[in-house]
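*Asks:* My questions all concern the structure below.
The values are calculated or read from the model by the stated rules, or taken from the named source; none is laboratory data. Predicted model only: the values in this text are computed from it and were never measured. As a convention, Cβ positions derive from the backbone with ideal geometry for all residues, glycine included, and neighbour counts pool all protein chains shown.
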Amino acid sequence: MPVTISEDDLTAMVQNIVAAVQPEQVVLFGSLARGEATAESDIDLLIVEQEGFTERSRWREMQVIRQAIADFRIAKDILLYSREEVARWRNSVNHVVAHAMQEGRSLYERS
């Protein structure tokens, strides 16, 4: 059985993230992006922001994102990276950022 999230709910989730943290990009990856999601699947999102992070600032930003999408009652796996980190890891052989960028579907890109 496929995961139970509609495209409208996915769009609303992304809109909440964009309103909360103004990212450069939001990428859906994992089983949902590949069309292989089951009822046990979660939503995997890579959120790319312009600026780098300290450990503390990344944690704070993640709290803001989690609060923005807390009302969506589905398991979520959120990754938060800076534009520089994505550029560094996107062509790596075995890094989650590389997998996300290769198989993922961009749900939002700042113009």
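*Asks:* Given (1) modelled with pLDDT of 95 or more; (2) surrounded by fewer than 18 Cβ atoms within 10 Å (Cβ to Cβ); (3) not in a helix (DSSP H, G or I), identify the lone condition not met by residue 27.
*Replies:* Here residue 27 meets the rest and fails (2).
*Asks:* Determine, yes or no, whether residue 17 is within 12 Å of the chain's Cα centre (by Cα), among the hydrophobic types (A, V, I, L, M, F, W, C), over 16 Å from residue 109 (Cβ atoms) and part of a helix (DSSP H, G or I). I'd like the intermediate steps shown before the answer.
*Replies:* Numbers: within 12 Å of the chain's Cα centre (by Cα): yes; among the hydrophobic types (A, V, I, L, M, F, W, C): yes; over 16 Å from residue 109 (Cβ atoms): no; part of a helix (DSSP H, G or I): yes.
Here the answer is no, as residue 17 does not meet what is asked.
*Asks:* Right, next: How many residues does the stretch 1-24 hold that are more than 19 Å from residue 101 (Cβ to Cβ), charged (D, E, K, R) and surrounded by 14 or more Cβ atoms within 10 Å (Cβ to Cβ)?
*Replies:* Number satisfying all stated conditions: 1.
*Asks:* Against the definition (modelled with pLDDT of 95 or more, more than 18 Å from residue 22 (Cα to Cα), among the hydrophobic types (A, V, I, L, M, F, W, C) and within 12 Å of the chain's Cα centre (by Cα)), how does residue 87 come out, yes or no?
*Replies:* Taking the combined requirement at face value, the residue does not satisfy it.
Each row is one residue, and each column tells you yes or no for (1) assigned to a helix (DSSP H, G or I); (2) closer than 13 Å to residue 107 by Cβ.
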residue: 47; (1), (2): no, yes
residue: 67; (1), (2): yes, no
residue: 74; (1), (2): no, no
residue: 79; (1), (2): no, no
residue: 84; (1), (2): yes, no
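*Asks:* I'm told residue 57 meets every condition in (1) in contact (Cβ under 8 Å) with a residue 12 or more places away in the chain; (2) outside any loop (DSSP other than H, G, I, E, B); (3) of a type in the set (Ser, Thr, Tyr) except one. Can you identify the failing condition by its number?
*Replies:* (1)
*Asks:* How do the pairs read when you match residues in the stretch 78-103 that are small (Gly, Ala, Ser) with residues anywhere that are in a loop (DSSP other than H, G, I, E, B), using Cβ under 7 Å and keeping only pairs 6 or more apart or on different chains?
*Replies:* What qualifies is 82/51; 82/52; 82/53; 98/90; 98/91; 98/92.
For (1) surrounded by 11 or more Cβ atoms within 10 Å (Cβ to Cβ); (2) closer than 14 Å to residue 12 by Cβ, each residue gets a yes or a no:
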position	(1), (2)
46	yes, no
50	yes, no
55	no, no
71	no, yes
